[in-house]
1. Specify which of the listed residues (139, 116, 121, 171) is at pLDDT below 95 and within 14 Å of the ligand (Cβ to nearest atom).
2. Taking residue 151 as the residue in question, decide whether it is outside any helix (DSSP H, G or I), surrounded by fewer than 17 Cβ atoms within 10 Å (Cβ to Cβ) and within 16 Å of the ligand (Cβ to nearest atom).
3. Cβ contacts < 8 Å: first residue touching a residue at least 60 places away in the same chain (Cβ under 8 Å), restricted to region 238-250; second residue assigned to a loop (DSSP other than H, G, I, E, B) and crowded, with 17+ Cβ neighbours inside 10 Å, any location; separation 6+ or different chain. Result?
4. Among the numbered conditions (1) surrounded by 16 or more Cβ atoms within 10 Å (Cβ to Cβ); (2) under 24 Å from the mean Cα position of the chain (by Cα); (3) polar (S, T, N, Q), tell me where residue 263 comes up short.
5. For residue 160, indicate whether it is surrounded by fewer than 20 Cβ atoms within 10 Å (Cβ to Cβ), within 23 Å of residue 18 (Cα to Cα), away from the ligand (no atom under 16 Å from the Cβ) and of a type outside the set (D, E, K, R).
6. In region 53-87, what residues are among the hydrophobic types (A, V, I, L, M, F, W, C) and assigned to a helix (DSSP H, G or I)?
7. Which of the following residues is crowded, with 21+ Cβ neighbours inside 10 Å, within 15 Å of residue 156 (Cβ to Cβ) and out of contact with any strand residue (DSSP E or B) (no Cβ under 7 Å at 6 or more places or on another chain): 281, 222, 217?
8. Please determine, by comparing only the residues of region 55-71 that are within 29 Å of residue 191 (Cβ to Cβ) and within 11 Å of the ligand (Cβ to nearest atom), which one is surrounded by the fewest Cβ atoms within 10 Å (Cβ to Cβ).
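The values are calculated or read from the model by the stated rules, or taken from the named source; none is laboratory data. A quick note: this is a predicted structure, and the numbers were derived from the prediction, not measured. Because the Cβ atoms are built from the backbone with ideal geometry, glycine has one as well, and the counts that use them run over all protein chains shown.
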Amino acid sequence: MRIIVIGVTGQLGRIAAETLLEKVPADRLIAVARNVEKAAWLAEKGVEVRHGDYNDLASLLKAFEGGGKLLFVSSSEASDETLRALQHATVTRAAKMSGITHIAYTSIFRAQESRLALSLLHRTTENMIRLSGIPYTFLRNTFYTEVFVNESLRQAVESGALVTPIATAGLNTASRADMAKAAAAVLTSDGHENRIYEITAPKLWTMKELAQILSDVSGKPVVLKPATAAEYAKILVGWGMPEPAAAMFAALYAQLDEGEFAQTSDDLTRLIGETTPLEAVVKRALA
Ligand SMILES: NC(=O)c1ccc[n+]([C@@H]2O[C@H](COP(=O)([O-])OP(=O)(O)OC[C@H]3O[C@@H](n4cnc5c(N)ncnc54)[C@H](OP(=O)(O)O)[C@@H]3O)[C@@H](O)[C@H]2O)c1
């Protein structure tokens, strides 16, 4: 059965496609992109690349022609949640009309219970997929470690202070690559229909530990400096982030400090084996 990947030109989709190509022949994959040129590297490897836009049902019906399994990467249109819901409904409808036999959807950690505002879209999408009747796997991805561990940490190394509103809570983040590999595993092995996986690291980490790793990796002392959400929002604005986005991130991080992502699951380890250690992500970010 063919495997269709939508969102294949994004960071997660790309690694998922690379991992799938290690497991199945190229002619079993179909890559769907709104900008097919961005998927040229896949065409060069013998993967069929089709045009498909989450906003355009007709394009998706063509893209999903012949059916198969679908890796449905959630849309990145972050500025408008109602538009994203509409896009997700369009993808789900196209999947239903095209005879897709299994949808693996990139949801969010504890989608149905989470208090985070951004979980609403994923809860809605999970329910839409359930309504479609298509067998599903919900890959309830926690935050990517890279959301916190990225090149912005160079600033923490330079100043010697890791400023964050997430002062104490443990975080269950996992690397984006590990999540992509989990998606590929679900699409290439049996027994995942109508299953829900809480995709987290097997062990929590804290910002204090991150500060220590930054010190170890850089050779310069870095200490944790807790900030209130309001203080952190000001810092983000100082870094050039627009005020509404800064307020949203600061509020989100404050919720994380209340322990919203402080539970772990073994699902990711069961799907891919050993996960990427935090230190490896830090080294990549500072390289
Ligand atoms: N777990 C987390 O921490 C976290 C963080 C951020 C986002 N997310 C969610 O996870 C998804 C995947 O993450 P990512 O890092 O791979 O994001 P990304 O790099 O922004 O990739 C998003 C993908 O969706 C495609 N896309 C967006 N709108 C589309 C449309 N109208 N029609 C067709 N394709 C469209 C993009 O195509 P183009 O290449 O053409 O733009 C891209 O391939 C995101 O979209 C977002 O929903 C999760």
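1. On the way: 139 fails: at pLDDT below 95; 121 fails: at pLDDT below 95; 171 fails: at pLDDT below 95.
Exactly one of 139, 116, 121, 171 is at pLDDT below 95 and within 14 Å of the ligand (Cβ to nearest atom), namely 116.
2. On the way: outside any helix (DSSP H, G or I): yes; surrounded by fewer than 17 Cβ atoms within 10 Å (Cβ to Cβ): yes; within 16 Å of the ligand (Cβ to nearest atom): yes.
Against the criterion (outside any helix (DSSP H, G or I), surrounded by fewer than 17 Cβ atoms within 10 Å (Cβ to Cβ) and within 16 Å of the ligand (Cβ to nearest atom)), residue 151 qualifies.
3. 250/165
4. Going through (1) surrounded by 16 or more Cβ atoms within 10 Å (Cβ to Cβ); (2) under 24 Å from the mean Cα position of the chain (by Cα); (3) polar (S, T, N, Q) one by one, residue 263 breaks only (1).
5. Values: surrounded by fewer than 20 Cβ atoms within 10 Å (Cβ to Cβ): yes; within 23 Å of residue 18 (Cα to Cα): no; away from the ligand (no atom under 16 Å from the Cβ): yes; of a type outside the set (D, E, K, R): yes.
The answer is no for residue 160.
6. Taking region 53-87 and keeping what is among the hydrophobic types (A, V, I, L, M, F, W, C), we get 57-58, 60-61, 63-64, 70-73, 78, 83, 85-86.
Result: 57, 58, 60, 61, 63, 83, 85, 86.
7. Details: 222 fails: out of contact with any strand residue (DSSP E or B) (no Cβ under 7 Å at 6 or more places or on another chain); 217 fails: crowded, with 21+ Cβ neighbours inside 10 Å.
Answer to the check: 281.
8. Looking at the filtered set, the residue picked out is 63.
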